[in-house]
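I have placed the structure first, in the form of structure tokens, so that the comments after it can refer back to it.
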Amino acid sequence: MSSNENPGKALLLSSAPPSKEQEQRFLDFLKKKYGEDFELEWQEDQSIRAGFILKAAGQIYDWSAKARFEQLKRDIKQRVKSRDELMPLMRTTLTDWNESVAPIETGTVLSVGDGIATLDGLDGATYGEILLFDSDVRGMIQDFKEDSVGCILFGDDVYVRAGSTARRTGRTAGIPVGDAFLGRVIDSLGSPIDGLGEIEASDYRPMEVPAPGILDRQSVNVPMETGILSIDSMFPIGRGQRELIIGDRQTGKTAIALDTILNQKGKDVICIYVAIGQKASSVSRFVGALKAHDAMDYSIIINASASDPVPLQYIAPYTGCSLAEYFMYKGKDVLIVYDDLSKHAIAYRALSLLLERSPGREAYPGDVFYLHSRLLERSARLSDELGGGSITALPIVETQAGDISAYIPTNIISITDGQIFLESDLFFAGQRPAVNVGLSVSRVGGDAQTKAMKKAAGTLKLDLAQYREMEVFTQFSSDLDDLTKRQLLYGQGLMALLKQPQYKPYSQHQQVILLVTALAHLFETIPVHRINQAAAGLLAHFESTQTALCAGIDESGQLPDDVRDRIITAAEEYLGDSGFNS
């Protein structure tokens, strides 16, 4: 209840004074509602063309003509499914409409600033409920104190001032969803920001919902291929998995996510990219790359840029997850990228400190772990009874000087099913993608690989580990035996083969061909600086001369011994005749 209201008084607003009979009806209504007598005061308000507005006990009862019309509009909007049935439904609604007035609980703004409003009143409000302010700005309740509530604002706080009122809506935060969002760029509230017109939503989903239970899930065993050789061969990602991409600034984290999205073309996978705290120019380049490679048709971009209010950055990943769940529960496979959750944690830290919550480690609030766990737990592969859809999450986290033991990185590592660690030294040495084989891991592992990929990858990870150790021990030695030199050359060749240009994801058969050829030591005689050229030529040769073999690997996902032998034989002939080893 607002502090400036007397509980025994009620205020009646209208353009003309009420009659004695009307006044008594209002007093009887208040007596029945609250069980006590009220003193009724009338105040003229010419903005109310017809009807009355009654304010009592911190609540508003709106009997004005405008409110009744808005109520009728909401009733029609909730019932209508398509434009074809609009007219008959309007007739039915008008015939059956029984107007009723529900109380509107209001609160008064005590203070506002930095995207946070503090209000008194709102005794019945709930955590996460949406409030509507006088200026049509929306907010969400995020904090309760003994005599006030804290609300984050989803609009510019210059339109909200101390003394203005806000009313409860009874709804939790949510966004419109639907197939029409594909190919569009939207903000955290689901509104289009790409200049292509309004988006016709087909449903509405809350931003926060419980994650699917154990019985609603099935095991992760279908590959979500990235098209990146170093990842698909050693750290495979499955549909329904959560794989963290972690590394310092400017080490190619977003590039991996972009190539993974491009690799889903033609695979019936919906891709959602959530940009949190990024520069608008960076997001624009990302969208431009998707358009250039015809990938926007199956993609949705959610942009909460660095210039947006902090509350919009905070809700952005939940908006993306709600959209992803809409498609997942329709039986679709969804890939969602959160870029990045370290900026999301910073936004939440700013909100928490402004709401005067106690800071913890590195000034983050104590529930920052729960913040991300309840988001990432919603990624799953549903059971066949629920349609078999999936959400695969690729959260991105930025480290400082490669420190993966910092607070936010360790939190998210413990939530996810593995991480791809990108190392600055490798990146600046020209090894791109700069995947650190030693610190990267996939806890799903071979279950997320086809049998062809698992067989082709073979001892690749072990061979690279041996090469790294040998390289450390021999970097200061000048006298090496022939066997050691050969092993070093073999390792250098594998590292060169794992270099991959951006926007060029490999298909499954291309990866299998390269891995089989490399692990058969067929690249050993080729100078390291020519291996990428030789690999490109080899793939082109197979595409033109071994079309059936390539198609067979892609369709079956198998690599029989005779097919493997055919790959080795054809590769030996091509590399021997091509002159790359000179």
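The values are calculated or read from the model by the stated rules, or taken from the named source; none is laboratory data. Bear in mind that the values here come from a model prediction, so they are computed numbers and not experimental data. Quick reminder, even Gly has a Cβ in these numbers, built from the backbone with ideal geometry, and neighbours come from all protein chains shown. Side chains are part of the model used for accessible areas, which takes the heavy atoms of the whole protein and leaves out ligands, DNA and RNA. Shrake-Rupley method; radii C 1.70, N 1.55, O 1.52, S 1.80 Å.
None of TYR326, TYR318, TYR314, TYR273 is touching a residue at least 40 places away in the same chain (Cβ under 8 Å) and either of a type in the set (Asp, Glu) or outside any helix (DSSP H, G or I) (or both) except TYR273. For first residues located in segment 185-202 and in contact (Cβ under 8 Å) with a residue 60 or more places away in the chain and charged (D, E, K, R), partners that are open to solvent by 40 Å² or more (accessible area, probe 1.4 Å) and not in a strand (DSSP E or B) and lie 6+ apart or on another chain with Cβ distances below 6 Å form the pairs ASP187/ILE193. Contact map, segment 453-477: first residue farther than 21 Å from ASP425 by Cβ, second residue of a type in the set (Asp, Glu) and modelled with pLDDT of 90 or more, Cβ cut-off under 9 Å, separation 6 or more or different chains; pairs are MET453/GLU225; MET453/ASP232; ALA457/ASP232. Of the candidates ALA324, ALA363, the single residue that is surrounded by 24 or more Cβ atoms within 10 Å (Cβ to Cβ) and in contact with a Lys or Arg (Cβ under 9 Å, 6 or more places away or on another chain) is ALA324. Give the residue that is nearest to the chain's Cα centre (by Cα), with candidates limited to residues of segment 418-441 that are surrounded by fewer than 22 Cβ atoms within 10 Å (Cβ to Cβ) and closer than 18 Å to ARG239 by Cα. Restricting to residues being surrounded by fewer than 22 Cβ atoms within 10 Å (Cβ to Cβ) and closer than 18 Å to ARG239 by Cα, the top hit is GLY418. Residues in segment 242-277 that are closer than 27 Å to PRO309 by Cβ and open to solvent by 30 Å² or more (accessible area, probe 1.4 Å) were compared, and the one that is nearest to the chain's Cα centre (by Cα) is THR254.
Which numbered condition in (1) touching a residue at least 24 places away in the same chain (Cβ under 8 Å); (2) assigned to a helix (DSSP H, G or I); (3) among the hydroxyl-bearing types (Ser, Thr, Tyr) is the only one that TYR370 fails? Condition (1) is where TYR370 drops out.
Among the conditions (1) under 25 Å from ALA162 (Cβ atoms); (2) at pLDDT 80 or above; (3) polar (S, T, N, Q), SER14 misses just one, which is (1).
Restricting attention to segment 442-483, the residues being open to solvent by 60 Å² or more (accessible area, probe 1.4 Å) and either hydroxyl-bearing (Ser, Thr, Tyr) or in a helix (DSSP H, G or I) (or both) number 16. Does segment 492-505 include one or more residues that are crowded, with 16+ Cβ neighbours inside 10 Å, touching a residue at least 12 places away in the same chain (Cβ under 8 Å) and of a type in the set (Phe, Trp, Tyr)? For segment 492-505, residues crowded, with 16+ Cβ neighbours inside 10 Å, touching a residue at least 12 places away in the same chain (Cβ under 8 Å) and of a type in the set (Phe, Trp, Tyr): absent. Of all the residues in segment 205-228, those that are within 22 Å of GLY320 (Cβ to Cβ) and touching a Gly at 6+ places or on another chain (Cβ under 8 Å) number 8. Taken over segment 329-349, the residue count meeting the criterion of being over 16 Å from PRO176 (Cβ atoms), out of contact with any strand residue (DSSP E or B) (no Cβ under 6 Å at 6 or more places or on another chain), touching a residue at least 60 places away in the same chain (Cβ under 8 Å) and part of a loop (DSSP other than H, G, I, E, B) is 0.
The residues of segment 143-184 that are open to solvent by less than 20 Å² (accessible area, probe 1.4 Å) and either more than 26 Å from the chain's Cα centre (by Cα) or free of Cβ contacts under 8 Å to residues at least 12 places away in the same chain (or both), listed by number, are SER148, VAL149, VAL160, ALA166.
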